[in-house]
Amino acid sequence: MARENQSRKKYVSDLTDAQWAIVEPMIPPAKQSTRGDRPRKVDMREVLNTIFSLNRSGGQGERLPHDLLPKSTVYDYFAQWRYDGTWAKLVKALREQTCVEAGREPTPSAACIDSQSVKTTEMGGPERGYDGGKKIKGRKRHVLVDTLGLVLAILITSAGLDDGVAAPQLLGQLKPCDFPRLSTIFADQKYHNHALDAWMAEHREGWRHRNQNASGGHERLHAPGETLGD
């Protein structure tokens, strides 16, 4: 593997040595050819540094520092790791390590679900619509996090899609075998929806939908007899 460019300027989005030591073992090896292993010419640490720099700038390629890798180079790795599960593996490992360091179990017993509508450009498309409640035309991001705020699942939809309708798609991303302790999901009133209730009855048998606070506070989706943990 090529060594990181030690002569370039350091950026706040760069991985530290300690962070790279955790991440490096989870980076897929170089693809093999019929002639044997091909030496990797691209520095994987710089690939991540470039991706994190793009993320910090909002994905604006023109704002990418000239001494990092080209956007076209890192996108190939970004896309490949998205499809082969590398990103999910990295997030899972880092999330579990963070939980353990915080004195908790590696996987959560409770989570929180919510959404946020954001404006987009004038360009249309299936993932662009109007949120009548927020008076916003654009997209909606649905997020499920644990009680530390660590991401469990994300879904992007049209801003016009009802939260209760989107919830089954979001919750369906979680494999029960990966989250054996998860039993409680906190949500607000907007998640009262027949589609969500039907999905829970079919795919999460034993869970029920309880209104925690009639005045508009949180409600919870949970299994009978469970207690709120971490």
In what sequence, largest accessible area first, do Trp81, Trp199 appear using a 1.4 Å probe? Trp199, Trp81
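What is the gain in length, in nm to one decimal, between Glu101 and Asp17 on full extension, counting 0.36 nm per residue of separation less the C-alpha to C-alpha distance?
28.4 nm
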Could you check the simple spin-label distance between Arg181 and Ala198, using points 7 Å along Cα→Cβ, in nm with one decimal? 3.5
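Once R0 is set to 30 Å, what does the formula 1/(1 + (r/R0)^6) return for the Cβ-Cβ distance between Gln116 and Arg63, expressed as a FRET efficiency to the nearest 0.05? It would help to have the intermediate numbers written out before the result.
Working: r = 24 Å, r/R0 = 0.79.
Between Gln116 and Arg63 the formula returns 0.80.
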Accessible area (Å², 1.4 Å probe, nearest 10) - Lys9: 130
Can you give me the distance in nm between label points at Leu90 and Met26, each placed 7 Å from the Cα along the Cα-to-Cβ direction? 0.8
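The values are calculated or read from the model by the stated rules, or taken from the named source; none is laboratory data. Just so it is clear, the structure is predicted and the values come from calculations on it, not from any experiment. Methodologically, a virtual Cβ is constructed for each residue, glycine included, from the backbone with ideal geometry; neighbour enumeration extends over all protein chains shown. The accessibility values were calculated without ligands, DNA or RNA, using every heavy atom of the protein model including side chains. Shrake-Rupley method; radii C 1.70, N 1.55, O 1.52, S 1.80 Å.
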